[in-house]
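Here is the structure we will look at.
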Amino acid sequence: MSTQTVPKPIAGASGFVDDRIGAGNFLRRNLRKIFPDHWSFLLGEIALYSFIVLLLTGTFLTFFFKPSMAHVEYTGSYGPLYGVGMSEAYASSLEISFDVRGGLLMRQMHHWAALLFIGGMMVHALRVFFTGAYRKPRELNWLIGVLLLTLALAAGLTGYSLPDDLLSGAGLRITEGVAISLPLVGTWITFFLFGGEYPGVDVVSRFYSLHILLIPGILLALISAHMILMWVQKHTQMPGKGRTNENVVGAPFYPAFMVKAGAYFMFTFGVIALLGTFAQINPIWLYGPYTPADISAGSQPDFYMGFLEGSLRLMPAWEINVLGFTLPMSVLIPALVPMGIVMTGLALYPFIEQWVTGDRREHHVVDRPRNNPHRTSIGISAMTFYGVLWLLGANDEIAAFFQVSLNWTTYVGRVLIFAGPAIAYYVTYRICLGLQRADAAIIGHGVESGVIKRLPHGEYIEVHVPPNEAIEAHMRGKEPVPVLTGGGGGDDDGIPSKAMRGPLGKLRNKMSAAYGGEKIPLDDGHGHGEGHEEHTAVGQGGEDRSLTH
């Protein structure tokens, strides 16, 4: 079918719209928009569809939840807590769980969808980072994504605190400790959130307003902007046959992508429903109502807050006393620094990379992670940093389960938080170079065919054949990482500009030379012309020799 031919369903729909509101051309053009096809592009859709499930289940829960800290006596159907004093928020959460038809399923689906929403955003961000899909012209969309992830963490924190059970109350106590430790504004923020001295009387109602109105509203606006920018700028695509920065190879939005997206939404919805049905999560009736004097052993936050918990546990008890004021560094540093490193690093990285490489071109074909080893190594180092903090957020459970000293888990964690990212960087860099060498070997010598031949002088060889055309095109999509040339903005004679001759300019040149350039060139080697076969000969003593006949 010609690319100019409009399918009948699209022509009919666009004609119907055009006859009434004059938007037929717009609809016809956009329904035929091409979307590339790669499994990794579906990771962001997991987060999008989980957000839709969050909105649907959250709307159901708002009909029954009472965001009040007023004291009541429980008279519901859960026997072990009958007659126990608690907040109205906790009592209504129990009512949803035991007395509202489908309430427990909705609660658990909402919680699982929240975890999948944040997890999907994290994995999607990693895909964009490792492939360099944040580069020009998508820097703004990348910043929107970083802001979305930050707001998603805030949405999780506020929603997790609403049931007012013992576990969420312990998390709120930590939140209050962090807020009140902030210099100058800490006391004001704490009194604003809690409505007075901790635990206050307004924190649940105020978190409720943030959780169901302010944060979701901003999320909806940012997600809409994110999708619109992606639509206007067109989707990135993986390197391959016929794929360039000037085209998009894939299937049209209608009907191919719409059918695929619809099926994927139903699959995501089904997984969340199955998890909500069969995988118990956050059994608040086992924890009991929150009282400031109690705390449960082995309490852990949801996974997305685990790294902040770990940073608090690893931090030494440092504080600074100045002019009668105390700065509790043991709270400020773990609460602000890890989040600042991760989020600020994500936000600034596209601009730092552009400054280092001098690359201001538009990029619509992404990189394979191995082809930019420094970027990949930086990403894995950040993941290791996050992972160590996340793991040590459960150092008490680790110590109890493995029968090791709790102090030693803390000491080891303090070493790993610095040594782990450095080791991860080196190992990842070497792996990337090894993978580049493997690609160069395939391009230069072909792939093993499984055909063994014996030469006239008795030597056995295996015939090599050229790689599959699509695989070879995928590998040949590699481009050298850009590097500053001519002194980074010098004249035609290559003399560096005045700015590049200063200390910062010299540092930029050195960073560019280290970060950019071709590390392992793709080598055509012996080629695969007609009548030629590439062989790997196996000689005596295990010696490998390459022969061309």
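The values are calculated or read from the model by the stated rules, or taken from the named source; none is laboratory data. Values in this document were obtained by computation on a predicted structure and should not be read as measured data. Positions of Cβ are backbone-derived with ideal geometry, glycine not excepted, and every protein chain shown enters the neighbour counts. Only protein heavy atoms, including side chains, enter the accessible area calculation; ligands, DNA and RNA are left aside. Shrake-Rupley method; radii C 1.70, N 1.55, O 1.52, S 1.80 Å.
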Quiz item: What nm distance separates the two modelled labels at E397 and A470, each placed 7 Å from Cα along Cα→Cβ?
Solution: 4.2
Quiz prompt | Probe 1.4 Å, accessible area per residue of the chain, Å² | solution = 52
Exercise. Sort I333, I417, I320 by accessible area with a 1.4 Å probe, largest first.
Key: I320, I333, I417
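Rounded to the nearest percent, how much of the accessible area of the chain (1.4 Å probe, protein heavy atoms only) is carbon and sulfur?
Within the chain, the accessible surface is 67 percent carbon and sulfur.
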Quiz item: Separation between the H38 and V322 pseudo-spin-labels, each 7 Å from Cα along Cα→Cβ, expressed in nm?
Solution: 4.8
Quiz item: So how much slack lies between W285 and Y78, counting 0.36 nm per residue of separation and subtracting their Cα-Cα distance, in nm?
Solution: 73.7 nm
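Only bridges with both residues in the chain count here: give the DSSP antiparallel percent, nearest 5.
Taking every DSSP beta bridge with both residues in the chain, the antiparallel ones total about 95 percent.
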Quiz item: Around G169, with a cut-off of 14 angstrom between Cβ atoms, what is the net charge of the other residues, counting Lys and Arg +1 and Asp and Glu -1?
Solution: -3
Self-check item: Separation in nanometres of the label points that stand 7 Å from Cα toward Cβ, at E459 and L433
Solution: 3.0
Quiz item: Gain in length, F351 to F191, computed as 0.36 nm per residue apart minus the alpha-carbon separation, to one decimal in nm?
Solution: 53.8 nm
Quiz prompt | region 263-312: C-alpha pair distances exceeding 17 Å, % | solution = 60
Practice problem: Taking the Cα centre of region 410-483 as origin, work out the dipole magnitude from +1 charges on Lys and Arg Cβ and -1 charges on Asp and Glu Cβ, in debye rounded to 20. | Solution: 340
Practice problem: With 18 Å as the limit, write out which pairs from K136/K260; K260/K478; K33/K260 have Cα-Cα distances beyond it, or answer none. | Solution: K136/K260; K260/K478
Quiz item: Once fully extended, how much extra length lies between A514 and V337, figured as 0.36 nm per residue of separation less the alpha-carbon to alpha-carbon distance?
Solution: 61.0 nm
Exercise. Starting from the Cα gyration tensor of region 61-209, multiply each eigenvalue by 5, take the square root, and state the resulting semi-axes largest first in whole Å.
Key: 34, 22, 11
Exercise. Within region 17-118, list the trypsin sites (Lys or Arg not before Pro) lying in a DSSP loop whose Cβ has at most 14 other Cβ atoms in a 10 Å radius.
Key: R101
Quiz prompt | Principal-axis tilt of helix 258-278 within the chain, Cα atoms, nearest 10 degrees | solution = 40
Practice problem: Stick to the Cα atoms of region 280-432, pair each with every other, and give me the Kirkwood hydrodynamic radius in Å at one decimal. | Solution: 18.5
Practice problem: Quick one: grab the alpha carbon gyration tensor of region 140-255, order the square roots of its eigenvalues as a ≥ b ≥ c, and give me rounded if a/c is under 1.5, else prolate or oblate depending on whether a/b is larger than b/c. | Solution: prolate
Practice problem: Please report, to one decimal in angstroms, the Kirkwood hydrodynamic radius of region 17-56 built from all distinct Cα-Cα pairs. | Solution: 12.8
Self-check item: Farthest positive-ward along region 21-124 dipole, Cα basis, beta-carbon charges - from S68, A113, G103
Solution: A113
Quiz item: Any idea what diffusion coefficient region 1-149 gets from Stokes-Einstein, in µm²/s, Kirkwood Rh on alpha carbon pairs, 4 °C, 1.567 mPa s?
Solution: 65
Self-check item: Selected from L43, T175, N509, residue furthest toward positive end of dipole (the chain; charges at beta carbon)
Solution: N509
Practice problem: Work out the charge dipole of region 298-389 with +1 on the Cβ of Lys and Arg and -1 on the Cβ of Asp and Glu about the Cα centre, then indicate which of A335, W318, V388 is farthest towards its positive end. | Solution: V388
Quiz item: Using Cα atoms only, what is the angle between the long axis of helix 166-180 and the major principal axis of the chain, expressed in degrees (0 to 90) to the nearest 10?
Solution: 80
Practice problem: With just the Cα atoms of region 193-315, tell me how far they stretch along each of the three principal axes, in Å, largest first. | Solution: 66, 35, 33
Self-check item: Accessible-area order (highest first, 1.4 angstrom probe) of the listed residues Y49, Y198
Solution: Y198, Y49
Quiz item: What size of dipole, in debye to the nearest 20, comes out for region 121-250 about its Cα centre when the only charges are +1 on Lys and Arg C-beta atoms and -1 on Asp and Glu C-beta atoms?
Solution: 920
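Once you have the Kirkwood Rh of the chain from its Cα pairs, apply Stokes-Einstein at 10 °C and 1.306 mPa s and quote D in µm²/s.
D = 57 µm²/s.
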